[in-house]
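A.B. asks: Handing you this structure, nothing more for now.
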Amino acid sequence: MKNVDKILQGALLENNLLTRKDLDHHLQTARQQGQSLKDYLTAERLLTEKQILIALSQSLRT
């Protein structure tokens, strides 16, 4: 798993953008399709890039 995906997973959970169950499902689907988690979530319109960036920035502050 890419380091960026690990950081993103933590940020999404910390900011309550996805549940653990949903995150695991989307991560598995992204891997099967050969996509990064970010690319999958934005392509499927589950989250916007802005939501992802905000979650990451808030996660890095703590």
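Every number in this text was worked out from the coordinates using simple rules, so none of it is lab data. Small disclaimer: the values here were computed from a predicted structure and weren't measured. Cβ: placed from backbone, ideal geometry, glycine included. Neighbour counts: every protein chain shown.
A.B. asks: Given N residues in the range 21-62, what is its alpha carbon radius of gyration divided by 2.2 N^0.38 Å?
C.D. replies: Dividing the Cα radius of gyration by 2.2 N^0.38 Å gives 1.21.
A.B. asks: While we're looking at this one, here's another question. Pairing the Cα long axis of helix 20-32 with the longest principal axis of the chain, what angle in degrees results, from 0 to 90 and rounded to the nearest 10?
C.D. replies: Relative to the chain, helix 20-32 is tipped by roughly 50 degrees.
A.B. asks: What does the highest-first list of 43-54, 5-16 look like by mean Cβ count within 10 Å?
C.D. replies: Numbers: 43-54: 12.7, 5-16: 15.8.
Put in order of decreasing packing, that is 5-16, 43-54.
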